[in-house]
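Heads up: the structure comes next, in structure tokens.
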Amino acid sequence: MAILSPRRRRSAAVSVAAVAVTAAAGVAFAVGGASAGTVSGTLYRDPSSAVVRWVAANPGDSRAAVIRDKIASQPQARWFANFNPSTVQSEVSGFVGAANAAQQIPVLSVYEITNRDCGGASAGGAPDLNQYQTWVSNFARGLGNQTVLIILETDSLALQTCLSGAELNARNQALTTATQTIKSANPNAKVYLDGGHSTWNSASDTANRLRAAGVQYADGFFTNVSNFNPTSSEANFGRAVISALNGMGISGKRQVIDTSRNGGASGDWCADDNTDRRIGQYPTTNTGDSNIDAYLWVKPPGEADGCRYAAGSFQPDLAYSLANGAPNPPTTAPPTTTPPTTTPPTTTPPTTTPPTTTPPTGNGCSASVSLNQWAGGFTTSVNVTAGSAAINGWTVTITLPGGAAITGAWNAQASGTSGTVRFTNVSYNGHVGAGQSTNFGFQGTGTGPGATASCTAS
């Protein structure tokens, strides 16, 4: 599934200066270290991202080692850009659950606003704003209750040329409601609104747009997803925006900066045609700046802008161009040769087969499996749904294909790692109301299971 991503914008009057990037510029995977902003901890590296899957599938490619070591090793945002209201909750829950199990912070980029990109290379989004709110509500229900970083709708505020006055008011209200919905579902979610970048709209104009879209309910704003401006320029711009917001009585807001492709020289705005760019500072929450919560790789390096290639498609030549000649990441980064395994539950799984007695009359459950496969591994999200009566416990039985093995699970206890594996509820998700659902997931190596799963209730 291709992830749509925004087009880059440029200012004709701006020449982006080269930025020297050193390993000291950003400390990736800073575990619990002091952070000058409001976020601290390790950012989550998605083991099923497009670049990780490409590296695993192309070990003999001459570009693979550089791309593996300097891009695939790093935490990047997962984009949620498909209008899928019936499945988005389980997709979010699976992704966030894997990050929670690894005790890391996931970054989720929401890109679903109606009339996104003003019909440009990344056109799409929800059919209308009512359906957008339905999608956001389902998205929010999958976020859990631990820290997550939400990049809410790139270009939605900086790019408004296609909107009438009424449409602009409706979009601002939709973004305000989306922010409140996410914060209500997970009070630990950090939500950032679109701040464009330092060579697009002025700081005062940006602050006005943020205020109109409800930044007072958010944690701050993000910049540079749609350009390659130096980190120092973005930080200066962010300080000006924060100052303008303070002047409006809106205080305590922070910035996050996309540094995924801002470590090179000036040139054409579109990365598809630009071989002078380099990856910038490695992702970290340890910014050393009280105004900045994180340096993030929101736009995954190697994914196209929509000029020469389809927007959002992973292109190894683009990734190699960005990584070749860039400094190595900090030595604290984990090994990158294989996708990391998820930390298993600290409670020892049962060593005996769970009971197979027939559930009481009137009680029952069903299970549906959603698989995310990549070369050499997979993650799986499972929905458990109660029947006509509430249940107080459940066991899901899944048969793995030959050669597959489970390396970790979340929201369930696993009995066994290969062949027929049984997953039982944990203390907080055993009770499921009549007709209601809960979710768990697991990660493994080899080929993941098909859609068949059986559920018994207690």
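Confirm whether ALA123 is aliphatic (A, V, I, L, M), modelled with pLDDT under 95 and under 30 Å from ALA412 (Cα atoms).
Details: aliphatic (A, V, I, L, M): yes; modelled with pLDDT under 95: yes; under 30 Å from ALA412 (Cα atoms): no.
No.
Taking the criterion of being surrounded by fewer than 18 Cβ atoms within 10 Å (Cβ to Cβ) and either in a strand (DSSP E or B) or of a type in the set (Gly, Ala, Ser) (or both), would at least one residue in the range 146-154 satisfy it? Outline the logic, then answer.
Step one: of the range 146-154, the residues surrounded by fewer than 18 Cβ atoms within 10 Å (Cβ to Cβ) are 146.
Right, trim to either in a strand (DSSP E or B) or of a type in the set (Gly, Ala, Ser) (or both) and you get none.
No, the range 146-154 contains no residue that is surrounded by fewer than 18 Cβ atoms within 10 Å (Cβ to Cβ) and either in a strand (DSSP E or B) or of a type in the set (Gly, Ala, Ser) (or both).
Within the range 56-84, work out how many residues are of a type in the set (Val, Ile, Thr) and more than 19 Å from the chain's Cα centre (by Cα).
So the first thing to find is which residues in the range 56-84 are of a type in the set (Val, Ile, Thr), and the list is 66-67, 71.
Filter once more, keeping what is more than 19 Å from the chain's Cα centre (by Cα): 66-67.
Qualifying residue count, the range 56-84: 2.
(1) touching a Leu at 6+ places or on another chain (Cβ under 9 Å); (2) of a type in the set (S, T, N, Q); (3) surrounded by fewer than 22 Cβ atoms within 10 Å (Cβ to Cβ): which one isn't true of SER226, the others all being true?
(3)
Yes or no: SER198 touching a helix residue (DSSP H, G or I) at 6+ places or on another chain (Cβ under 8 Å) and in a loop (DSSP other than H, G, I, E, B)? It would help to see each step written out before you state the result.
Details: touching a helix residue (DSSP H, G or I) at 6+ places or on another chain (Cβ under 8 Å): yes; in a loop (DSSP other than H, G, I, E, B): yes.
Judged against the criteria, SER198 is a match.
Pairs only if they're at least six apart or on different chains, beta carbon under 8 angstrom, first in the range 187-216 and without any contact (Cβ under 8 Å) to a residue 40 or more places away in the chain and of a type in the set (D, E, K, R), second surrounded by 22 or more Cβ atoms within 10 Å (Cβ to Cβ) and in a helix (DSSP H, G or I); list them, first residue then second.
Once the first residue is without any contact (Cβ under 8 Å) to a residue 40 or more places away in the chain and of a type in the set (D, E, K, R) and sits in the range 187-216, its partners that are surrounded by 22 or more Cβ atoms within 10 Å (Cβ to Cβ) and in a helix (DSSP H, G or I) give ARG211/LEU245.
When you look at THR179, is it part of a helix (DSSP H, G or I), crowded, with 16+ Cβ neighbours inside 10 Å, assigned by TED's automatic domain parsing to the domain that holds ALA121 and polar (S, T, N, Q), yes or no?
On the way: part of a helix (DSSP H, G or I): yes; crowded, with 16+ Cβ neighbours inside 10 Å: yes; assigned by TED's automatic domain parsing to the domain that holds ALA121: yes; polar (S, T, N, Q): yes.
Spelling it out, THR179 is indeed part of a helix (DSSP H, G or I), crowded, with 16+ Cβ neighbours inside 10 Å, assigned by TED's automatic domain parsing to the domain that holds ALA121 and polar (S, T, N, Q).
Please go through the range 362-402 and pick out each residue that is within 22 Å of PRO449 (Cα to Cα) and not in a strand (DSSP E or B).
Listed by number, the residues that qualify are ALA375, GLY376, LEU400, PRO401, GLY402.
Looking at (1) more than 28 Å from SER137 (Cβ to Cβ); (2) over 25 Å from the mean Cα position of the chain (by Cα); (3) in a helix (DSSP H, G or I), which is the one condition that is false for SER232?
(2)
Can we say CYS162 is out of contact with any strand residue (DSSP E or B) (no Cβ under 6 Å at 6 or more places or on another chain), surrounded by fewer than 24 Cβ atoms within 10 Å (Cβ to Cβ), at pLDDT below 95 and over 18 Å from VAL225 (Cα atoms)? Give the steps one after another, and end with the answer.
Details: out of contact with any strand residue (DSSP E or B) (no Cβ under 6 Å at 6 or more places or on another chain): yes; surrounded by fewer than 24 Cβ atoms within 10 Å (Cβ to Cβ): yes; at pLDDT below 95: yes; over 18 Å from VAL225 (Cα atoms): yes.
Yes; evaluated as a whole, the condition is true for this residue.
Looking only at the range 429-443, how many residues end up being part of a strand (DSSP E or B) and at pLDDT below 80?
Of all residues in the range 429-443, those part of a strand (DSSP E or B) come to 432, 437-443.
With at pLDDT below 80 added as a condition, the list becomes 439, 441, 443.
The qualifying residues number 3.
Could you tell me whether ASN208 is assigned to a helix (DSSP H, G or I), within 18 Å of the chain's Cα centre (by Cα) and either surrounded by fewer than 23 Cβ atoms within 10 Å (Cβ to Cβ) or not basic (Lys, Arg) (or both)? Lay out the reasoning, then the answer.
On the way: assigned to a helix (DSSP H, G or I): yes; within 18 Å of the chain's Cα centre (by Cα): no; either surrounded by fewer than 23 Cβ atoms within 10 Å (Cβ to Cβ) or not basic (Lys, Arg) (or both): yes.
No, not satisfied.
Sort out which residues of the range 357-384 are within 20 Å of SER427 (Cβ to Cβ) and either touching a Gly at 6+ places or on another chain (Cβ under 6 Å) or modelled with pLDDT of 75 or more (or both), and write them in order of number. Please lay out each step first, then the result.
Going residue by residue through the range 357-384, those that are within 20 Å of SER427 (Cβ to Cβ) are 359, 363, 365, 367, 382-384.
If the condition is that a residue be within 20 Å of SER427 (Cβ to Cβ) and either touching a Gly at 6+ places or on another chain (Cβ under 6 Å) or modelled with pLDDT of 75 or more (or both), then CYS365, ALA367, VAL382, ASN383, VAL384 are the ones that fit.
Between PRO335, PRO301, which is modelled with pLDDT under 80, under 22 Å from the mean Cα position of the chain (by Cα), at negative phi and in a loop (DSSP other than H, G, I, E, B)?
Values: PRO301 fails: modelled with pLDDT under 80.
Matching residue, one of PRO335, PRO301: PRO335.
Identify, from the list ASN425, ASN429, the residue that is at negative phi, touching a Ser or Thr at 6+ places or on another chain (Cβ under 7 Å) and not β-branched (Val, Ile, Thr).
On the way: ASN425 fails: touching a Ser or Thr at 6+ places or on another chain (Cβ under 7 Å).
None of the other options fit; the residue is ASN429.
Using beta carbons and a limit of 9 Å, which pairs, at least six apart or on different chains, have the first residue in the range 360-380 and of a type in the set (D, E, K, R) and the second one at pLDDT 70 or above and in a loop (DSSP other than H, G, I, E, B)?
Cβ pairs passing all conditions: none.
The values are calculated or read from the model by the stated rules, or taken from the named source; none is laboratory data. Everything quoted here is computed from the prediction, not taken from an experiment. All Cβ positions, glycine included, derive from the backbone under ideal geometry; neighbour counts span all protein chains shown.
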